[in-house]
Each structure stands twice: as C-alpha cells, then as structure tokens.
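The values are calculated or read from the model by the stated rules, or taken from the named source; none is laboratory data. What you see is a predicted model, and the numbers here were worked out from it, not measured in a lab. All Cβ positions, glycine included, derive from the backbone under ideal geometry; neighbour counts span all protein chains shown.
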Amino acid sequence: MITSKRKPYHLSFDDAVHVWLRHWNGEFQHRIAASYDVNPGRVNDVIKERKHFGSRTEAAKRLSL
C-alpha cells in the first residue's frame, strides 16, 4: 500500500480576500473550504480575522471597484 503525503495547503492573503468576497456573496464556509481543499476552520479563521488580518479591508476595496 503506497500512501503519498501531500503538504497541507495554507490559505494565502489573496485567497483570504477571495474567501471574504465569496462569504459576502452568500457561500457557505464549508463549500469555500472544499474548493481550497482545507479544513472549514481555516476559512473561519479568516472570517473571524484570526488569520490574514486586513484581508477584509482589501476585499471591501475590490468589491467597490
């Protein structure tokens, strides 16, 4: 049995900006997480601003363009 270990994906700042945009658009956190292949807690970390502080402000700027 061969198992390949992949490195876990970490959301980047730009990913976090897109998480905000998708969240504001009404997408569920677990679906956003699935598209990045991360645990839903990582998306929640962004939304609760425990990770990538400032991504909300950047997303708001991009939304107003």
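Brief remarks follow.
- One residue from R31, R42 being crowded, with 17+ Cβ neighbours inside 10 Å, in a helix (DSSP H, G or I) and modelled with pLDDT of 95 or more: R42
- Residue ID - nearest to L11 (Cα to Cα), chosen from residues in the range 45-65 that are small (G, A, S) and modelled with pLDDT of 95 or more: S55
- A residue that is modelled with pLDDT under 95, assigned to a loop (DSSP other than H, G, I, E, B) and either surrounded by 13 or more Cβ atoms within 10 Å (Cβ to Cβ) or charged (D, E, K, R) (or both) can be found somewhere in the range 7-18.
- Given (1) under 9 Å from the mean Cα position of the chain (by Cα); (2) at positive phi, index of the condition Y36 fails: (2)
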